[in-house]
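Participant: My questions will all concern the structure given below.
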Amino acid sequence: DFLLWGLDPFGHHLTSVIIHSLNTLLVFLVTIKLISAAQKDGGGVKTKHSLPVLIAGVTTALLFGLHPVHVESVAWVSERKDVLSAFFYLLSVIFYLRYAAAKTLDSNGVSHRAVSYTLSFSVFALALMSKPMAVSLPLVLLIIDFYPLERIKNIKGVIIEKIPFFVLAALSAAVTIWAQRGGGGLRTFVTHSIAMRLYIAARAYLFYLYKLIFPADLSPYYPPPFQTGIISPEFVGFVLVLALITFLCIYWIRKKYFLSAWLYYLVTLFPVIGVIQVGGQAAADRYLYLPSIAFFILAGAGVGVVLKKGSTAPKVFIALFLVAVLGLLGLKTVSQERLWKDSLTIMTEAIRLYPDRAAIPYNNRGLEYDRRGKFKNAVDDYTRALAISPSYTDALINRGITYGEMGLLGPAFKDFNRALALDPAEPKAYLNRGTAFLMSGDYSSAVQDFLKAVTLDPENAVGYYNLGLAYLKRGDKKEAEKNMRRAAALGLKEARDFLGRKNF
């Protein structure tokens, strides 16, 4: 996309919309294949689909394609990984269904089962490389084996054939946890206790169900709830509701589609439900992109049943109701999409919804104000973020940077020192305090801070560049050139330009 469009957002958004449209088509295909598999004809999956089955597929696809909870995954270019991973995920399911239905050899001696299995496994790998949330697929395939394929009677065989999928999923999970821990995104048990994680997880399962049914007040950021203990009436209530839903699905075991859909929802959401906490949010609309499909299929199948067996009045009612629902979803989607116009608009919406808990949105809006040169507004937002979360080091560092841009070095030093008191291993604090020392003329202190910054973050090109400037100010041209060359080697254009000057 960058090679084609550069930084013009149109092309990037176009690609995401195209992939989402393709996913909508794949949801249609998966739906009719699953419903047809549940209506076996002589032991084989139907190849010709009846009108109710097609209507069920169309209904499911429209619900998926138009639901506003999916706006975040499509409109936010950084979440391209959502739609891309889902594309390969759905393709893998389709190839698996072909594998399960295929004969060992066709009339020409070609093993379609082997081909379909290989394709399913291959695109699963692509789904994992797009976004690790796809690790749920092996369990989802087992759920499909339970219903509608009903292959679970040969439990040993269906598990053995999934072993490569499970191995790949485990490797992806391990690499992801390692990468998130290295990047500082993985929350520790100190900041997020087990009790807090269990509370957030139980609450989130019901929260997402609510947003699917009533997609109002959708936010780019859902802060953790105030109450996060497992010894509380709220947690007990969440667990009881989840247990009741599970019990009813098991009780209606003859209607296996309820249990299958519920298990799919639980399994596909589990990687992001909060047990392994990444980031500070309690939930995110983007996490529903795949888990929502099961309930849309149930709704689509219900529409198909009414149109097949119902009398004229119910058919007219359900048709009008469906048109109304799709229309409302479409209008909400258009409205929600407009909020993703820019960082200022979407962060302001998050602040409107959670004014007393939106530390991260205040910080992010402050960054946008700073980028636009509205320094006072930026400082105000950083201050609000710190009032909500006093130990929020990013907000401290960002406010210090803005103070520096305003020429207020005293408050800047105060914020950088406070950030380092909270986290002595934060390279950004050393980098920016070093810049403040450089601006104040204290070149020796600047050198010390920049050395600390590049020690903590050896790939920080800006740190080496600033270190070179500080050495140059001290009159040490040899060390200045050495660090400028390191910055240039790391790809910093300013360093290359600096080295190219004849008077250096």
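The values are calculated or read from the model by the stated rules, or taken from the named source; none is laboratory data. Here the structure is a predicted model, which is why all the values come from computation and not from measurement. Neighbour counts are summed over all protein chains in view; Cβ atoms, including those assigned to glycine, are modelled from backbone coordinates with ideal geometry. Side chains are part of the model used for accessible areas, which takes the heavy atoms of the whole protein and leaves out ligands, DNA and RNA. Shrake-Rupley method; radii C 1.70, N 1.55, O 1.52, S 1.80 Å.
Participant: Contact list please: Cβ distance under 6 Å, first residue in the stretch 35-46 and assigned to a loop (DSSP other than H, G, I, E, B), second residue at pLDDT 85 or above, pairs at least six apart or on different chains.
Facilitator: 45/36; 45/37; 45/101; 46/36
Participant: If residue 166 satisfies every condition in (1) under 23 Å from residue 35 (Cα atoms); (2) touching a helix residue (DSSP H, G or I) at 6+ places or on another chain (Cβ under 6 Å); (3) open to solvent by 20 Å² or more (accessible area, probe 1.4 Å); (4) not charged (D, E, K, R) but one, which is the exception?
Facilitator: For residue 166, the exception is condition (1).
Participant: Go through 327, 300, 280, 304 for me and flag whichever is part of a loop (DSSP other than H, G, I, E, B) and not aliphatic (A, V, I, L, M).
Facilitator: None of the others qualify; the one that does is 280.
Matching residues to (1) of a type in the set (A, V, I, L, M, F, W, C); (2) at negative phi; (3) at pLDDT 95 or above:
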position: 386; (1), (2), (3): yes, yes, yes
position: 397; (1), (2), (3): yes, yes, yes
position: 400; (1), (2), (3): no, yes, yes
position: 413; (1), (2), (3): yes, yes, yes
position: 459; (1), (2), (3): no, yes, no
position: 474; (1), (2), (3): no, yes, no
position: 478; (1), (2), (3): no, yes, no
position: 490; (1), (2), (3): yes, yes, no
position: 494; (1), (2), (3): no, yes, no
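Participant: Counting only residues that are outside any helix (DSSP H, G or I) and touching a Leu at 6+ places or on another chain (Cβ under 6 Å), how many does the stretch 229-260 have?
Facilitator: 1
Participant: Taking the stretch 12-55 as the search range and keeping residues that are small (Gly, Ala, Ser) and modelled with pLDDT of 95 or more, which one is least open to solvent (accessible area, probe 1.4 Å)?
Facilitator: Here the answer is 16.
Participant: Is it fair to say residue 92 is among the polar types (S, T, N, Q), over 17 Å from residue 264 (Cα atoms), open to solvent by less than 30 Å² (accessible area, probe 1.4 Å) and assigned to a helix (DSSP H, G or I)?
Facilitator: It is false that residue 92 is among the polar types (S, T, N, Q), over 17 Å from residue 264 (Cα atoms), open to solvent by less than 30 Å² (accessible area, probe 1.4 Å) and assigned to a helix (DSSP H, G or I).
Participant: Here's another thing I want to ask about it. May I ask you to list the residues in the stretch 323-344 that are out of contact with any helix residue (DSSP H, G or I) (no Cβ under 6 Å at 6 or more places or on another chain) and either open to solvent by 50 Å² or more (accessible area, probe 1.4 Å) or not acidic (Asp, Glu) (or both)?
Facilitator: If the condition is that a residue be out of contact with any helix residue (DSSP H, G or I) (no Cβ under 6 Å at 6 or more places or on another chain) and either open to solvent by 50 Å² or more (accessible area, probe 1.4 Å) or not acidic (Asp, Glu) (or both), then 323, 324, 325, 327, 328, 331, 334, 335, 338, 341 are the ones that fit.
Conditions tested, residue by residue: (1) more than 26 Å from the chain's Cα centre (by Cα); (2) loosely packed, with under 15 Cβ neighbours inside 10 Å; (3) free of Cβ contacts under 8 Å to residues at least 60 places away in the same chain.
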position: 353; (1), (2), (3): no, no, no
position: 366; (1), (2), (3): no, no, yes
position: 371; (1), (2), (3): no, yes, yes
position: 378; (1), (2), (3): yes, no, yes
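Participant: Identify the residue in the stretch 446-504 that is aromatic (Phe, Trp, Tyr) and in contact with an Asp or Glu (Cβ under 9 Å, 6 or more places away or on another chain) and, among all such residues, is least open to solvent (accessible area, probe 1.4 Å).
Facilitator: Per the criteria, the residue is 471.
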